[in-house]
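Taking it in order: structure first as structure tokens, then the write-up.
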Amino acid sequence: MPFSHKPLLLHNGELTCQTQSGKINCLVLNTHEFLNSPYGETSKDKLQSFLRQAIMLKRFSDAWNICKALNRSEAWTELGQACLHHMEVELAIRVYRMITNVGMVMSLEDIKGIEDQNLLAGHLAMFCNDYNRAQDFYLTSSYPMAALELPSHSCYWDLCLCLDEKGLAALGHGDYVNALAHYEKGITGNNKPLAQGAAKSIASEKEPFIAFSLVSGVWCTCNPSWRKKMLDEFSETSLFFLYGGMDEHLKLGKQALLEIRKWSDMPKSKLVGVETEIPCEIRRSNLQEHDESCLAGVARMSIRMGDIRRGANQAIKHPSRALKKDCGAILESMKQYSEAAQLYEKGQYYDKAASVYIRCKNWAKVGELLPHVTSPKIHLQYAKAKEADGKYKEAAMAYESARDWDNVIRILLEHLNNPEEAVRIVRETQSIEGAKMVARFFLRLSDYGSAIQFLVLSRCNDEAFQLAQQHSQMEVYADIIGSEATVEDYQSIALYFEGEKNHLQAGKFFQKCGQYSRALKHFLKCPSSDDSLAIEMAIETVGEAKDEALTNQLIDHLMGESDGMPKSHADAKYLFRLYMALKQYREAARTAIIIAREEQSAGNYRNAHDVLFSMYAELQTQHIKIPAEMATNLMILHSYILVKIHVKRGDHLKGARLLIRVSNNISKFPSHIVPILTSAVIECHRAGLRNSAFSFASMLMRPEYRNKIDLRYKKKIEAMVRRPDISEVEEESSACPYCGFSLSDSELLCPGCKTTLPYCIATGRHMVKEDWCVCPHCDFPALYSQLTQLLEMEPVCPMCSETLNVSEVKKISDCSDYLQQDQLER
């Protein structure tokens, strides 16, 4: 303090003084200089000094800001330790979160809600590794049991009990006697043993459990001689409980086991030498679990100390699968493979058990366990052993379980002589090596076709080609190679067939390798026996090539211009397919009409119908206008087909109306003029259409037809002409779907609007709006009431011949969209 200054007030590190002249002067104490210092301009060493000042003054918010300026993990750790010391839990959580100490953050989160200050202080002291102070705080808290639970919070007894340097040195040098003595001293609280004073009542309730924990802790650190001594002590019958020495602690394990057993059998009891009643919070299930833990320890220690029979029997009787696995692992490390495998098997660790049985060559047991084993490696080892023993069937099954298909195929071919099964496996698994083995097998049998097939499957195309060339099996090779080959493979095959003058195969493979000109040349050279297939392939080739010169060359061939030879109507079919392949639908439509006309002339009405229908559907798909001639011809042919359906059903009126339409276009049926007119006369007479029957009968009396009439009907038809009956049943009428004009049902041209009307594919009548439906397959219209009646007799669409059930047909209430589309198409 400066001379002649008198202190008046000290606040927040600032000392207010009065000078000699009476003025006021403020001084900042050295301990508080961090309050007014800019952290950004201060050196790191000075900031570290500021941090210590802030912590000593408990100015934790300022300390937080200093740590942020320092940005060092050491500074944050120092602040975190200070927060723990001063019980600032919330701030400590924030600090440890900054340095990503997840464990400390979670631990602090768990205790931050504790209101008991002593219990909270005990936890914080434990976090700071100050276990003696933690014990003191726990004993004075509302939950003194925490003092006994303190060992469970540490990984090592020396750390948990805060042993001195001498104890740590003894443990590090293997001096387990002195180390164990220090453990004992730690549990008894060094200068304040738990068994004395206020802790005695707490300790007495936990004696058996403390004993088990002590034995577990000692076991982890002691040498083998002490382990043997501990096992021997477990078998003694004396019961007493003392603190303060090594021998006494060894007897605690036996004390724990026997006390637990007595507690399990008696609801309340006093043990020999110890006046301890059963605490009310202990439940039988907890005691049983504790007992099982002790017995598990006995089993492990027995095995480690060499008493394998005792330990193994104890582990087998124990319900824990994990114990069997642990003991099995110990025995396996001791090379006691038979006992280890038995424990693994009892614990249902079948893969481990089988693996250990293999090590001791117990193949019988391995075979018993195989259905439960999932490891392919074990199946493979077993398979190799069985193969070495000459048991090939079992070996093949084991290889199959291991999914080692190559060895399965090898065993089947070399030892079991079962090529059929080997072939099946190769086809299913697509094994390349397996295919090679099968190919070699068939090669030895001189079955070159099969050998080539499996060489191709094994991707040995060069070998397969050479084999096919040597043994004249190129066609087999060509069929097998399919679409998997390269362009070079296809070209090699094509050149081979070209040399052999096999034009069809040469053209086929020139097409596959993209040489369309050479392919077409060979297709057109094919002999007449292969002509049909060759033309089909030629059309496909031209369609792929999209080359105008090749197209014209093929057309000239089909039209007979290339060789001057007239072609049959079959060539028109190929021309039609050519146009379809080139997507020249208008030309295809004209060709289709020609084909249909030729089919009609030959009397193949169903074929003509199918050609026109397929072309009609294709044009519809491509949104191209349907030629009127095609639509008319299809309607007449369809009417002819419907005649047979309705006459068969006994509906002579519908049959007669349809025959009238067909007979009015009789020139389109030149091969069957007389039979059709005869049928028209008979059906019209049956349906009461006597005037129509007379008209067609008169046509049959013409000289060119009269001698061709069937003798069964000739006299009746002649009588009908001599004594004519011109009565006629009047045909029903219905409204035009376009303009509403009333016209006869079978009339397809409306006199009112001059529109060609859509017809019903079930009856041939024109459509009406109120009874509209369409076939879901071909989209042709039909009268709903008539089509459903027809489908009840035979569930097939009369137009496209697709299977059609009544349930699939839906009545359409608004057909305006279809009518607009139909007008556009026409």
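Computed from the coordinates by the stated procedures, all read-outs in this text should not be read as laboratory data. Because the structure is a prediction, the values reported are computed rather than measured. Glycine gets a Cβ as well: all are built from the backbone with ideal geometry, and neighbour counts include every protein chain shown.
Taking other C-beta atoms within 10 Å as the exposure proxy, 745, 116 rank 116, 745 from fewest upward. You can think of it this way: the chain between residue 708 and residue 536 has 57.8 nm of extra reach, that is 0.36 nm per residue less the Cα-Cα gap.
For segment 291-331 versus segment 413-427, the inter-centroid distance based on Cα atoms is 49 Å. Peptides 691-701, 364-374, ordered by how many other C-beta atoms sit within 10 Å of their residues on average, highest first, read 691-701, 364-374.
What's the ranking of 319-328, 383-392, 706-715 by average number of surrounding C-beta atoms within 10 Å, highest first?
Numbers: 319-328: 18.9, 383-392: 16.3, 706-715: 12.1.
Highest to lowest by the protection proxy: 319-328, 383-392, 706-715.
Cβ crowding within 10 Å, taken as a proxy for footprinting-reagent exposure, orders 441, 510 from fewest neighbours to most as 441, 510. The length gained on full extension between residue 525 and residue 621, counted as 0.36 nm times the residue separation minus their Cα-Cα distance, comes to 31.0 nm. Once the chain from residue 723 to residue 817 is taken as fully extended at 0.36 nm per residue, the excess over their C-alpha distance is 28.7 nm. The modelled label-to-label distance for the pair residue 631/residue 789, using points 7 Å beyond Cα in the direction of Cβ, is 2.7 nm. Packing order of peptides 443-449, 339-345, 681-687, highest average first: 339-345, 681-687, 443-449 (average count of other Cβ atoms within 10 Å over each peptide's residues). Cross-link check: pairs 668/708; 324/377; 573/625 evaluated at a Cα-Cα cut-off of 20 Å; pairs beyond the cut-off: 324/377; 573/625.
Here's how it looks for residue 812: its modeled amide H is under 5 Å from those of 772, 773, which are all 5 or more places away or on a different chain.
Between residue 415 and residue 77, the distance separating the two model label sites (each 7 Å from Cα on the Cα→Cβ line) works out to 6.5 nm. Taking other C-beta atoms within 10 angstrom as a stand-in for reagent exposure, 605, 143 fall in the order 143, 605, fewest first. Projecting label points 7 angstrom from Cα along Cα→Cβ for residue 102 and residue 602 puts them 8.3 nm apart. When the charge dipole of segment 732-826 is built from unit charges on Cβ atoms (+1 for Lys and Arg, -1 for Asp and Glu) and taken about the Cα centre, the candidate among 820, 809, 773 whose Cα reaches farthest toward its positive end is 820.
Let me spell out the model: positive unit charges on the Cβ of Lys and Arg, negative unit charges on the Cβ of Asp and Glu, origin at the Cα centre of segment 430-479. What dipole size does that give, in debye rounded to 20? Numbers along the way, then the final one.
Details: 4 positive and 6 negative charges, 39 e Å.
So the dipole magnitude of segment 430-479 works out to roughly 180 debye.
Just to verify a number: FRET efficiency for residue 364 and residue 447, C-beta to C-beta distance, R0 = 41 Å, to 0.05? Don't skip to the end; give the middle numbers.
On the way: r = 41 Å, r/R0 = 1.00.
E(calc), rounded to 0.05, equals 0.50.
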